[in-house]
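The values are calculated or read from the model by the stated rules, or taken from the named source; none is laboratory data. Remember, it's a predicted structure, so these values are computed and weren't measured experimentally. Glycine gets a Cβ as well: all are built from the backbone with ideal geometry, and neighbour counts include every protein chain shown.
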Amino acid sequence: MKQLFIFLLVLAIYFPAGLIAQEESIYIKAGKLYDSKNNKLLKNKIIHIKGSKIIEIGEFESLPKNIQAIDLTGYTVLPGLIDAHTHVLFSQEANEDFAEHSIHSLTMESDALRILRGSKRAKSYLYQGITSIKDLGNSGLYLDVALRDAINEGTVEGPRIFASGPILAAKGGQIYGVLPEHQNIINLEYRIITGPEDAKNAVREHVNQNVDIIKICADNLPNKTYLTIDEIKAIVKTAHAYQLKVTAHCVTNQSAWNAIEAGVDGIEHGFNLADSTLTKMAENQIYLVPTENSKEYMNTYVKLAGYKENEIGWIDKYLNKMRNRLNKAIDKGVPIVAGSDNYTDIKVSRGESSFDMFQYYFDAGMKPLDILQSSTYISAKHLNKENEIGYIIPQANADIIAVKGDLINDFIPTIENVVFIMKNGKVYKNKSD
Ligand SMILES: [Zn+2]
């Protein structure tokens, strides 16, 4: 008995309970498996997971005898999805003005309340099958970084967060109309850049706070200020020296052109990109994150915003223009990364709202597997993370989901029917039985 006690004691010292549990093997039987790098569906694969990592992918016969696998034979197994453009620490009503809401939130919503609300939104992504998000600012002073760390340490549940910290922007940021004597409030939400030297310092401050990506506003519309090419160059050079990618919010074509000239890695929105700009993006393999919404979403939005029936004629025109731009980008070979940018409260969970991007890309003519590749492999690759997320391969994080249905012929109902969710080797949902 004494010997057994000593043995257990030694075991407990060398193999703490957490460690033993983490190293447990899990096997998944996938009827179909999405190979996100080669953009095709494979049949009858076994995924071996140990702890938080994927160990091996093999054929059905490779399943060790007497091992109970998670049976996803009747489903399609995919890497956890990625939304490349989120703002989990920000939410506004459809009828609210962005600048007024921002000032209200910055002066009347405590950081504590803001992060608690943000954590609920973040969690809704995970339970929708979006296991990673790139959270691109409007998150106070590094509240995104704090939320990321809280999720990583297991304090709260949520997706993997790649956090940008405060957006780097010219005077005033995107919060227009603020009087000179109150401009300091804007410093709580944006890192205002005052020249190329300051731009370098801003990146260093962000590096010091452990951000994962640098987000800039190349223009601040409807605020008329914008970053100069020299300022963006200083940002890009410093960020790249620290192995950080730079992604640029661009509404105008000119600001996108400036950002590309300065060497950014990606363009967010790009609503007004000229053909010549798209050509330059394709040549330099600069990715585009198209953040438009489906017609269905727009109809919900305008109703909540209080538009009258005769005031919504612009929706079709806007959607046509956006579809044209997206298809031109695809034809020219611009890498497309999927991102929702949904921060308006349309009375569903944020994660659910985010899924509208699939509907939009599909309506715009993208093929189902191409949409999936944009929200997995291509999204990960442009963060230099394709060996960690967005791709089911050995050594990657075990972020795995399964959907029920036919992805190729019935895309939207299928991608919305997520029956299994695993992040970091932990199962969050299993309705496969
Ligand atoms: Zn955004």
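Values as computed for the structure displayed
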{"read-out": "From L72, L81, L41, residue being touching an Asp or Glu at 6+ places or on another chain (Cβ under 8 Å) and either over 30 Å from I216 (Cα atoms) or away from the ligand (no atom under 16 Å from the Cβ) (or both)", "value": "L41"}
{"read-out": "Breaking point among (1) of a type in the set (G, A, S); (2) surrounded by 17 or more Cβ atoms within 10 Å (Cβ to Cβ); (3) over 19 Å from K134 (Cβ atoms), for S353", "value": "(3)"}
{"read-out": "Count - residues of the range 367-403 that are surrounded by 17 or more Cβ atoms within 10 Å (Cβ to Cβ), in a loop (DSSP other than H, G, I, E, B) and of a type outside the set (A, V, I, L, M, F, W, C)", "value": "9"}
{"read-out": "D275 vs. criteria at pLDDT 95 or above, outside the structural domain of H85 (by TED's automatic domain parsing), more than 24 Å from R160 (Cα to Cα) and not polar (S, T, N, Q)", "value": "no"}
{"read-out": "Every pair of residues 6+ apart whose Cβ atoms lie under 6 Å, when the first sits in the range 319-343 and is under 13 Å from I371 (Cα atoms) and modelled with pLDDT of 95 or more while the second is within 16 Å of the ligand (Cβ to nearest atom) and part of a helix (DSSP H, G or I)", "value": "V337/S379; A338/M357; S340/S354; S340/M357"}
{"read-out": "Pick from the range 106-143, criterion farther than 22 Å from I82 by Cβ and charged (D, E, K, R), ranking: farthest from the ligand (Cβ to nearest atom)", "value": "D111"}
{"read-out": "Filtered residues of the range 322-346 (kept if within 13 Å of Y360 (Cβ to Cβ) and not hydrophobic (A, V, I, L, M, F, W, C))", "value": "R323, R325, N327, G339, S340, D341, N342"}
{"read-out": "Residue list for the range 348-365, restricted to those being among the hydrophobic types (A, V, I, L, M, F, W, C) and either closer than 16 Å to S379 by Cα or assigned to a helix (DSSP H, G or I) (or both)", "value": "F355, M357, F358, F362"}
{"read-out": "Unique match (being crowded, with 19+ Cβ neighbours inside 10 Å, free of Cβ contacts under 8 Å to residues at least 60 places away in the same chain and on the phi > 0 side of the Ramachandran plot) among G165, G154", "value": "G165"}
{"read-out": "Checklist (1) touching a Ser or Thr at 6+ places or on another chain (Cβ under 7 Å); (2) part of a strand (DSSP E or B) applied to L407, failing item", "value": "(2)"}
{"read-out": "Of the criteria (1) more than 16 Å from the ligand (Cβ to nearest atom); (2) more than 22 Å from the chain's Cα centre (by Cα); (3) of a type in the set (G, A, S), which one A99 fails", "value": "(1)"}
{"read-out": "Matching residues, the range 74-129, being in the same structural domain as L41 (by TED's automatic domain parsing) and loosely packed, with under 15 Cβ neighbours inside 10 Å", "value": "G74"}
{"read-out": "Qualifying residue in the range 158-170 (condition: more than 24 Å from the chain's Cα centre (by Cα), in a loop (DSSP other than H, G, I, E, B) and at pLDDT 95 or above)", "value": "yes"}
{"read-out": "Identity of the residue in the range 335-357, more than 15 Å from the ligand (Cβ to nearest atom) and out of contact with any strand residue (DSSP E or B) (no Cβ under 9 Å at 6 or more places or on another chain), that ends up nearest to V264 (Cα to Cα)", "value": "E352"}
{"read-out": "Number of positions in the range 274-288 that are closer than 17 Å to K321 by Cβ and under 22 Å from the mean Cα position of the chain (by Cα)", "value": "1"}
{"read-out": "Among (1) in a strand (DSSP E or B); (2) within 28 Å of I346 (Cβ to Cβ), the one test that A122 misses", "value": "(1)"}
{"read-out": "Extreme residue, nearest to H382 (Cα to Cα), among residues of the range 288-301 that are touching a residue at least 60 places away in the same chain (Cβ under 8 Å) and more than 16 Å from the ligand (Cβ to nearest atom)", "value": "S294"}
{"read-out": "Residues of the range 256-271 classified as assigned to a loop (DSSP other than H, G, I, E, B) and within 16 Å of the ligand (Cβ to nearest atom), total", "value": "3"}
